[in-house]
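First the structure, in the form of structure tokens, and then the observations on it.
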Amino acid sequence: MTQAPSDAEARRAVLPVICYPNESLPQPDMALYGRALATAAVTETVIAEPRQACSFSVPKGHFFRITCTEGSQVGDLNLWNANDLSERFYSGKTRALHGTHLSVGERMWSNFPNLRPMATIVEDTLEWYGIDAFGGSVHDVIGTRCDPYTGNLLQGSQYHHCCHSNLTRALAQAMDLRLDQAEPHVHDVLNAFMCTGFTRDTGQYFMKASPVRPGDHLTFFAEIDLLGALSACPGGDCGSEHSSDMASCHPLKVDILAPDPQMLEAWHEPARNGYDGSHGL
């Protein structure tokens, strides 16, 4: 290890600056969404079985709700523009705009060159959890998704029910694609219900048993036409391990809800990002 300079403590004491102050972000009309949700009725229900993934479609202006049904279980969520798979959830920019974990009033943003809201969280029964003494919180956008490649790299395994593989199969089936065609569209996730953070001493990504219990749910408003896929993670509550069949796993339910259309007459689908795309040329 290199020797610390004489002014090491002064350098460490420099105050941080928020990279992307978000006060100027367009704010969702949460009161409007709340009134619309109060009129919404379930039109479809799909189940992500343990160690499997489901796909679902949500028209813009509708809601979808992820519910823990039988036991503590986390889920990995992918979202695409239902009309254009090249527009998909961008976890890195969402993290930069909102922070490492999402809750009510925060949004899932799409990738460049679109960079617009795809979905807005309108209900979160785990909002009470906050940030715990370890720096952990729920619904993270820092984890990438468990995958068979990392398992093979670290352990030499050939495990086929990681969230990456589950999401790949679900998308392939939903869009009638070959696995090799679907896989490049699978992307970093919103880890619904997962409790995670970074260790204070080594900065390593950690997970701990999720506080989610049956009946807990996370509800989103679809800002654009969405295709979603949700994997019921093989890690169960992710309190011990993932990427194996060792953990106790449970299904997750996804409900699609249609509100009274009159409630959203004043709402408009968000436009794609206004940057002119010239990149200085």
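Below is a table of values for the structure above.
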item: Mean residue ellipticity (222 nm) of the chain, computed from DSSP H runs ≥ 4 via -39,500 (n - 2.57), nearest 500; result: -4500 deg cm²/dmol
item: Residues Asp132 and Ala38, FRET efficiency given R0 of 45 Å [Cβ-Cβ distance, rounded to 0.05]; result: 0.90
item: Rounded accessible area per residue of the chain, 1.4 Å, Å²; result: 50 Å²
item: Gain upon complete extension [Leu15, Gln173; 0.36 nm per residue less C-alpha separation]; result: 51.9 nm
item: Theoretical FRET efficiency, 1/(1+(r/R0)^6), r = Cβ-Cβ of Asp276 and Glu70, R0 41 Å, to 0.05; result: 0.25
item: Spatial separation of Cα centroids for region 11-41 and region 44-104, in angstrom; result: 18 Å
item: Computed accessible area, His62, all protein chains, 1.4 angstrom probe, square angstrom; result: 50 Å²
item: Dipole magnitude of region 204-255, debye to nearest 20 (Cβ charges: Lys/Arg +1, Asp/Glu -1, about Cα centre); result: 180 debye
item: Area accessible to solvent at Arg11, 1.4 Å probe radius, in Å²; result: 150 Å²
item: Net +/- balance of residues flanking Cys146 in space, Cβ distance below 10 Å, scoring K and R +1, D and E -1; result: -2
item: Within region 138-237: Cβ-based charge dipole about Cα centre, in debye rounded to nearest 20 (Lys, Arg +1; Asp, Glu -1); result: 300 debye
item: Share of carbon and sulfur in the accessible heavy-atom surface of the chain [1.4 Å probe, %]; result: 54 percent
item: For His139, solvent-accessible area (1.4 Å; no DNA, RNA or ligand), Å²; result: 0 Å²
item: Local electrostatic count at Pro259 - Lys and Arg +1, Asp and Glu -1, tallied over other residues with Cβ under 12 Å; result: 0
item: Accessible surface, 1.4 Å probe, highest first, among residues Tyr205, Tyr129; result: Tyr205, Tyr129
item: Largest-first ordering by accessible area, 1.4 Å probe, given options Val17, Val46; result: Val17, Val46
item: Only Lys, Arg (+1) and Asp, Glu (-1) charged, at Cβ; the chain dipole about Cα centre in debye; result: 340 debye
item: Protein-only accessible surface order, largest first, of Ser86, Ser157 at 1.4 Å; result: Ser86, Ser157
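The values are calculated or read from the model by the stated rules, or taken from the named source; none is laboratory data. Because the structure is a prediction, the values reported are computed rather than measured. Counting neighbours? That spans all protein chains shown, and the Cβs are built from the backbone with ideal geometry, glycine included. Just so you know, the surface numbers come from the protein's heavy atoms only, side chains and all, with ligands and any DNA or RNA stripped out. Shrake-Rupley method; radii C 1.70, N 1.55, O 1.52, S 1.80 Å.
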